[in-house]
Amino acid sequence: MPSEECNDAWLETFRAAVQHPERTERQRALKSFGQDFTRDAIIAEECPRIFDDTYLHILRCYGDRFESVRTLAVAAMDALLGKLPPNDYYLGCIVPVLAKRIGQAETIEDSEEVRLQLLEQLETLVAKYSDPDGSRGGDPLLKVLDSVIDTLIKSLRDPFPAAQKKSCEIVIALAEATPSLHYRAEALVAPAKSILTHRHSANRIAAVEALGVLSLHILSNGDCVSEIIMAVSPLLMDDVPFVRRACGRVGCLMLQKLRDRYSFFHRILPLVLNCLCDETVEVREDIEAGWKQAGELYYRENETELSKAALIETVPKGYPVERYRRPTLACRAIVQRSLRVVNLVLHEMEEWKENIRLHATKLLKQIVLHAERSFSTLFLEVNPVLAKACMDAEKSIVSEALGVCELMGILLDYDTWSQHMLATFKNYPTIGQLRCMRTLFASCVQDEAKCRDVRKFATLLIDPDVCHNHRDAVYQRELLEFCSILASSGQKQEALTARLEEITVCESNDSTAGEQQTLERTLYTVALKVVAFCYGLEDRASVRDLGMTVLGLLDSNVDRLHQHHLASVLCKIEHLESENSDASTSILLLCGIVAVCGFQDSYFTILNETLQKAVAHAAPEGKVKLFSAISVAMLSWNVHNAQPKEDQIAMLRALTDAVIAPHLVWSAGRSAESVRAMATTCFASMAQGVDTNVYMSLLPTYLNVLSGLIDDNCIATRAYSLKALVRLQALNFESLKLIAFPIMSRLDDPSGEVRELAAVCLGRLQLDVALSEDGQQNTIERWQDILRQILSVMFLHLEHPETKLRCTIFDSLKRLHTDNRELIERLASDVPSGCSYKKDLDTITSRTKST
């Protein structure tokens, strides 16, 4: 036929051209072949003959030294394959050539684009000869399966990212095209795993999907399936959401189609459950749908058992429906039969990498959410690791760990964890165990059981190893929050004070410690100690405020709490007979209690005895700390004490004689100097915080000591001794004589503060004639003689260059002028008119005369 003769001539021309030595001729021939072959004139029946006449020449061009020729040759073969029927004869002709070009150990085809083109041709062949169920007369791909697999093994490791991705796609297509992949599926696992760390997310996604498909065709090697799961699992922490979604999809695929999947549930579950708590909504929703499908399949396979459970199922009391959607019965059943996964999770929760610990903790939360009460058997194993996570340096991990504790408190029976937590915390009172126990107790919905055991938990907190942990502010905060929760548990149905007084707590299990005390006293003791340890630390202000809030929760009148319970706390402070420094726990606690609680009549005696014991034995720095706390407490004396004057004087005298006065006496040494200075501050604080009448009734007794301290070598001591005298009232002549000249001498003190204080104190010197033992006139004359000397010195210091000192002296002169007008006016008149302070003196006298 003419058409056949025409085709023969055309084919002859083509065969000659593709063998031509000139590259351009070969290119032109291959290009025209592709164009001419696809023209409508060639009918399908002619294609096999054309293939037989040309395939050798085209395939020979696959090895041409010019890349352009190789590219056109592959394109020409693609055009030819598109017209050929699915006869495995053609498959056997082409696949070996492809394997030779891109499936050898060494790289034969050096062009990345051509390698990709050859892989695309292989993908076309796989799709063309697909016969997954053998309906087309067998499995045509089985004959070339080894060559295809060898090619993929090589191409999966191709350095060209597009070639790697295409190879993964071919693996997936091959799995769908032939039922025989299981013969060589294991050989593809290692090359596919190598792509999981590729920098391109698209390649990682393709590799994950390929490995998921391969796992379905590994029929006998369970270890290989486990390796696939372990290789894919790290990508659950990938930065790209689509990679994480691919991992979850593979997990759902395995749950539904993996051979012997029940045996692998505990390994597959992390792939799915981690995606259920993914930060990306699209990932969560996608995997949740697949997870439900897996649950539905499991339900159908175990309908007899699960249908009975569904009839009696109820939502647990207190289930957090506003935050969590309860998983289906079948999904929960899958997790409950696969709790072996918890061992893997606990191992990863102790990894050194933060992201691994975080994802493991999130996974544990999902397991608890699904397992519910079935998780009870694992609590003993989980608690140590979970407590460690609760004190992790990474806040996000701590937050997730506390979320796990909260779920366990809601979903597990109270008796499951309560006794174990009580015993564990007693032996290991770490912040992790404290947080874990606090969250479990707070989230537990079994109120009756909680209230029954409130005293047991309170007993743990009063232990010195717990409430004396003053170095960790976070620990203190957790302790106070737990106290708040325990106090709230005691007032579920009636007022807290009434409720607390009914519940007693044994502080110790020792046979020698049988004392019982109220829960209010126990929680008060813990909260007060925490507040006391925060004394003097600016960075603990928030902890201190929280502690005062807890005390306010126990009783709105905190002073009343001190009156009822502080004596008990003071009696139990230990080791005060030791030589404690300012860093000693006992000293820190006592100082904090004194500064926070102040002095009240109800516990003054025991507090005075405790201070006396502590000061007597403490090291110098410890004494300094104690006197500092006493001085702070003295500032609030009037706030806490409204007793009659005589009672207040008796209290102050007892404290001063026993604790303060012995350390006002001079002794050599820098340490003694510091202690003396801080003891003097107690008098300075009395002058500010104690009622003036009470203070002036007490002061004369100690003027002899204070007059000596005014001339002390330490500037601080001189300053504080003068501050103790700034609120002086009228004294008898002997007392005035005792302090007047020492005060006057301080006008020349090297310290500006001391000079100003001395000037203030001089203005407070006033004679009380009624207290004079000699005749009134004689006493007045003697005081006038002393005052004349003082005024002369004060006049001289009006020429001092310090403006502030001059103003202070001027104010004191005005105060003295009130009771000594004649003397001051006479001395002022004697001052020469040229003196710089003459005008100021005239102002004082003239103002008085006008008045």
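Return a yes/no flag: does region 394-403 have any residue that is in contact (Cβ under 8 Å) with a residue 24 or more places away in the chain, over 25 Å from residue 418 (Cβ atoms) and of a type in the set (S, T, N, Q). For region 394-403, residues in contact (Cβ under 8 Å) with a residue 24 or more places away in the chain, over 25 Å from residue 418 (Cβ atoms) and of a type in the set (S, T, N, Q): present. The residues of region 434-455 that are more than 25 Å from residue 389 (Cβ to Cβ) and open to solvent by 10 Å² or more (accessible area, probe 1.4 Å), listed by number, are 447, 448, 449, 451, 452, 455.
Of everything in region 561-579 that is open to solvent by 90 Å² or more (accessible area, probe 1.4 Å) and assigned to a loop (DSSP other than H, G, I, E, B), the residue that is farthest from residue 640 (Cα to Cα) is 579.
Looking only at region 411-431, count every residue that is small (Gly, Ala, Ser) and surrounded by 13 or more Cβ atoms within 10 Å (Cβ to Cβ) and tell me the total.
1
Scanning region 234-247 turns up one or more residues that are of a type outside the set (Val, Ile, Thr), open to solvent by less than 10 Å² (accessible area, probe 1.4 Å) and either out of contact with any Gly (no Cβ under 9 Å at 6 or more places or on another chain) or in contact (Cβ under 8 Å) with a residue 24 or more places away in the chain (or both).
Just one of 348, 400, 372 is over 27 Å from residue 238 (Cα atoms), charged (D, E, K, R) and in a helix (DSSP H, G or I); which is it?
Working: 348 fails: over 27 Å from residue 238 (Cα atoms); 400 fails: over 27 Å from residue 238 (Cα atoms).
The conditions single out 372.
Looking across region 299-346, the residues that are polar (S, T, N, Q) and more than 21 Å from residue 266 (Cβ to Cβ) come down to 304, 307, 314.
Matching residues to (1) open to solvent by less than 90 Å² (accessible area, probe 1.4 Å); (2) aliphatic (A, V, I, L, M); (3) not in a helix (DSSP H, G or I):
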site	(1), (2), (3)
282	no, no, no
285	no, no, no
290	yes, no, no
295	yes, no, no
298	yes, no, no
305	no, no, no
310	yes, yes, no
316	yes, no, yes
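Residue 338 fulfils the conditions (1) more than 20 Å from residue 256 (Cβ to Cβ); (2) open to solvent by less than 60 Å² (accessible area, probe 1.4 Å) except for a single criterion, (1).
Checked against (1) of a type outside the set (Asp, Glu); (2) more than 16 Å from residue 439 (Cβ to Cβ); (3) surrounded by fewer than 22 Cβ atoms within 10 Å (Cβ to Cβ), residue 360 passes all but a single condition, namely (3).
Scanning region 789-818 for residues that are open to solvent by 80 Å² or more (accessible area, probe 1.4 Å) and of a type in the set (D, E, K, R) yields 799, 804, 811, 815.
Identify, please: which residue in region 167-177 is surrounded by fewer than 24 Cβ atoms within 10 Å (Cβ to Cβ) and either touching a strand residue (DSSP E or B) at 6+ places or on another chain (Cβ under 6 Å) or not aliphatic (A, V, I, L, M) (or both) and is, among those, modelled with the lowest pLDDT? Selected residue: 176.
Residues of region 711-734 being modelled with pLDDT under 90, open to solvent by less than 20 Å² (accessible area, probe 1.4 Å) and either of a type in the set (Val, Ile, Thr) or part of a helix (DSSP H, G or I) (or both), which ones? Once the filter is applied, which keeps residues that are modelled with pLDDT under 90, open to solvent by less than 20 Å² (accessible area, probe 1.4 Å) and either of a type in the set (Val, Ile, Thr) or part of a helix (DSSP H, G or I) (or both), region 711-734 yields only 733. Filtering region 242-280 to residues that are outside any helix (DSSP H, G or I), of a type in the set (A, V, I, L, M, F, W, C) and within 34 Å of the chain's Cα centre (by Cα) leaves only 277.
Pairs linking a residue in region 172-184 that is under 14 Å from residue 206 (Cβ atoms) and free of Cβ contacts under 8 Å to residues at least 12 places away in the same chain to a residue that is part of a helix (DSSP H, G or I) and open to solvent by 60 Å² or more (accessible area, probe 1.4 Å), with Cβ atoms under 8 Å and 6 or more positions apart or on different chains, do not occur. Quickly run through region 81-114 and pick out the residues that are open to solvent by less than 20 Å² (accessible area, probe 1.4 Å) and either out of contact with any helix residue (DSSP H, G or I) (no Cβ under 6 Å at 6 or more places or on another chain) or among the basic types (Lys, Arg) (or both). Across region 81-114, the qualifying residues are 81, 90, 94.
Just checking, how many residues over region 454-486 are more than 22 Å from residue 518 (Cβ to Cβ) and not acidic (Asp, Glu)?
Residues of region 454-486 that are more than 22 Å from residue 518 (Cβ to Cβ), as a first pass: 465, 469-478.
Next, only the ones that are not acidic (Asp, Glu) stay: 469-471, 473-477.
Number satisfying all stated conditions: 8.
Looking at region 178-198 only, could you name the residues that are β-branched (Val, Ile, Thr) and either open to solvent by 40 Å² or more (accessible area, probe 1.4 Å) or assigned to a loop (DSSP other than H, G, I, E, B) (or both)? Those that are β-branched (Val, Ile, Thr) and either open to solvent by 40 Å² or more (accessible area, probe 1.4 Å) or assigned to a loop (DSSP other than H, G, I, E, B) (or both): 178, 197. Among the numbered conditions (1) modelled with pLDDT under 90; (2) within 21 Å of residue 244 (Cα to Cα), the only one that residue 313 does not meet is (2).
If only residues of region 388-398 that are among the small types (Gly, Ala, Ser) and farther than 13 Å from residue 364 by Cβ are counted, the one that is most open to solvent (accessible area, probe 1.4 Å) is 393.
Checking region 119-141 against the condition returns a match, with at least one residue being β-branched (Val, Ile, Thr) and within 28 Å of residue 193 (Cα to Cα).
Is there a residue in region 595-614 that is among the charged types (D, E, K, R), open to solvent by 10 Å² or more (accessible area, probe 1.4 Å) and assigned to a helix (DSSP H, G or I)? Yes, the conditions are met somewhere in region 595-614. Checking each residue of region 688-702 against the condition of being in a loop (DSSP other than H, G, I, E, B), surrounded by fewer than 17 Cβ atoms within 10 Å (Cβ to Cβ) and under 54 Å from the mean Cα position of the chain (by Cα) gives at least one match.
Considering 513, 498, 527, 532, the condition of being at pLDDT 90 or above, over 20 Å from residue 429 (Cα atoms) and open to solvent by less than 60 Å² (accessible area, probe 1.4 Å) is satisfied by 532 alone. The set of residues in region 456-473 being part of a loop (DSSP other than H, G, I, E, B) and either surrounded by fewer than 17 Cβ atoms within 10 Å (Cβ to Cβ) or β-branched (Val, Ile, Thr) (or both) consists of 462, 463, 468, 471, 472.
Does residue 192 satisfy the condition of being of a type in the set (Gly, Ala, Ser) and touching a Ser or Thr at 6+ places or on another chain (Cβ under 9 Å)? Break it down into steps so the answer makes sense when it comes.
Numbers: of a type in the set (Gly, Ala, Ser): yes; touching a Ser or Thr at 6+ places or on another chain (Cβ under 9 Å): yes.
Answer is yes for this residue.
For region 632-679, the tally of residues that are assigned to a loop (DSSP other than H, G, I, E, B), under 43 Å from the mean Cα position of the chain (by Cα) and over 24 Å from residue 620 (Cβ atoms) stands at 1.
Scanning region 442-488 for residues that are among the aliphatic types (A, V, I, L, M), out of contact with any Leu (no Cβ under 6 Å at 6 or more places or on another chain) and under 15 Å from residue 425 (Cα atoms) yields 460, 461, 462, 466, 479.
The values are calculated or read from the model by the stated rules, or taken from the named source; none is laboratory data. Quick caveat, the model's predicted, so the values are computed rather than measured. Methodologically, a virtual Cβ is constructed for each residue, glycine included, from the backbone with ideal geometry; neighbour enumeration extends over all protein chains shown. Please note that ligands, DNA and RNA were not included when accessible areas were found on the heavy atoms of the full protein model with its side chains. Shrake-Rupley method; radii C 1.70, N 1.55, O 1.52, S 1.80 Å.
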